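First comes the structure, then the notes that go with it.
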Amino acid sequence: MNVAPYLAVLRTPRVPGFMLLMLLARVPPTAAGMTVTMHVLLALERGYGASGLVGAVSTVGIAVGSPLMGHLVDRRGLRAMLTVSMATEGLFWFVAPLLSYEFLLVTAFLAGITMMPVMSLGRQILTALVPDDRRRTALAMDSMAVEVAFMAGPALGVALTTQASSRTAMWTIGVSMVVIGAVLWAVDPPVRSAGASRVPVARREWLDGRLLGVLISAGGATFVLSGVEVSVVAAMRELGLTSWTGALVVVMCVASLVGGFLYGGLNRVPPLWALMGVMGVLAIPIGLFAWSPWWLALALVPTNFLCAPTITATGEAITKYAPASARGVAMGLQGSAFTLGVAAGAPAAGFVIDHSSPAWGFAVAGVGAVLIATGTALLGRRAATSVEVA
């Protein structure tokens with residue numbers, strides 16, 4: 001394994017400090033979903049359906065707001081977006097623990113629209129800081145940092161809720177988000193490369209079939225991953241080993257970290273549709289190993305090994321196809337695609353599991369990814385032909 005590309009990225013001015021800052025910035029948002037769910041269950045004494053509905057409306061709000069916040073960054077700058085986000089998130093997380101369920105449902109959607117898009121923002125700033133020849137490695141490191149945040153955030157949310165209260169956990173998330181926003185406002189990192197054009201480009205000139213294919217692939221990647229996660233929970237519950245679920249999630253994250261690390265050091269990589277398609281193929285037979293947590297852990301490794309590489313490939317393709325002046329919107333659309341993929345994958349697998357078994361949940365998640373990969377490959381080929389003709 002060649003570590004020289006990683007050392008080159010870490011030697012780039014401002015990059016190490018920024019990556020550490022964005023790693024910390026991503027922990028509170030990853031803790032938010034679990035914390036709100038537990039607040040609805042424990043403090044408001046509602047059921048799983050009610051807690052899931054809050055998560056769903058918040059997800060829709062984030063999907064709607066992510067490109068809007070990216071557009072604000074492109075047109076008004078990073079500090080304008082941060083000011084709006086800090087004001088609304090600070091208000092939401094302060095009052096949310098005091099609201100009734102009905103008011104929480106409405107405000108969760110509104111807060112999702114103006115939520116600080118730390119996932120897409122991190123990729124946008126990192127793209128501006130590193131030269132083009134180091135972009136793949138830098139984005140791979142960013143994907144690995146996201147995996148670390150997803151391992152730490154929910155665990156911290158659960159710990160705060162169980163050791164103190166859900167109100168304390170929600171107020172802590174709010175304070176953390178405002179502090180992180182203030183630090184980013186003070187640092188004001190660049191959102192486009194030095195010398196990049198600031199002239200707006202008409203959306204129809206860059207939001208073409210190639211980029212749409214990338215966005216669909218991004219949604220397809222999270223479709224299979226969310227479907228696999230739901231199926232893991234169901235498989236462990238069926239075995240009476242629910243306590244193993246967290247350990248299996250850690251296995252999935254570690255496999256993704258390793259895959260991202262290897263991918264970031266490659267000079268030549270497979271096409272995006274192939275990465276996602278193979279990830280789906282590998283997910284289909286996982287359910288055959290669900291009779292044992294040990295075998296299931298091993299079966300989860302190949303699919304999740306391709307998780308970070310696929311996510312990295314989508315980010316790299318977006319920086320290639322979207323102009324610098326519209327990169328905030330493009331990264332926001334990528335974030336929306338990720339969110340919508342999760343919103344579709346988890347219910348699809350859950351519906352099938354309810355009417356059959358966890359093994360079929362894995363199969364449906366994998367088949368869905370294969371079908372999406374096939375469609376995006378055809379769409380990308382058609383769009384590339386159109387560009388050549390033009």
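For a quick check of your reading of the model, give me the residue pairs whose first member lies in the stretch 121-144 and is touching a residue at least 40 places away in the same chain (Cβ under 8 Å), whose second is of a type in the set (Lys, Arg), with beta-carbon atoms closer than 6 Å and at least 6 apart or on different chains. Here the result reads GLN124/ARG327; ALA128/ARG192; LEU129/ARG14; ASP142/ARG123, each pair linking the stretch 121-144 to a residue that is of a type in the set (Lys, Arg).
Restricting the stretch 249-306 to residues that are out of contact with any Phe, Trp or Tyr (no Cβ under 9 Å at 6 or more places or on another chain), touching a residue at least 60 places away in the same chain (Cβ under 8 Å) and assigned to a loop (DSSP other than H, G, I, E, B) leaves a set whose member that is nearest to ALA377 (Cα to Cα) is PRO271. When we screen ALA96, ALA80, ALA43, ALA56 for residues that are of a type in the set (A, V, I, L, M, F, W, C), closer than 27 Å to ALA145 by Cα and modelled with pLDDT of 85 or more, the only hit is ALA80. The residues of the stretch 276-312 that are open to solvent by 10 Å² or more (accessible area, probe 1.4 Å) and aliphatic (A, V, I, L, M), listed by number, are VAL278, VAL281, LEU282, ILE284, LEU288, ALA290, ALA297, LEU298, ALA299, VAL301, LEU306, ILE311. Checking each residue of the stretch 375-386 against the condition of being touching a Ser or Thr at 6+ places or on another chain (Cβ under 7 Å) and either open to solvent by less than 60 Å² (accessible area, probe 1.4 Å) or modelled with pLDDT of 90 or more (or both) gives at least one match. The residues of the stretch 313-341 that are open to solvent by 10 Å² or more (accessible area, probe 1.4 Å), of a type in the set (Ser, Thr, Tyr) and farther than 15 Å from LEU121 by Cβ amount to a single one, TYR321. The residues in the stretch 84-93 that are in contact with a Gly (Cβ under 8 Å, 6 or more places away or on another chain) and either open to solvent by 50 Å² or more (accessible area, probe 1.4 Å) or at pLDDT below 90 (or both) can be counted, and the count is 0.
The values are calculated or read from the model by the stated rules, or taken from the named source; none is laboratory data. All figures in this text were calculated on a predicted structure; none of them were measured in a lab. All Cβ positions, glycine included, derive from the backbone under ideal geometry; neighbour counts span all protein chains shown. The protein model used for the area step is the full one, side chains on, heavy atoms only, and it has no ligands, DNA or RNA in it. Shrake-Rupley method; radii C 1.70, N 1.55, O 1.52, S 1.80 Å.
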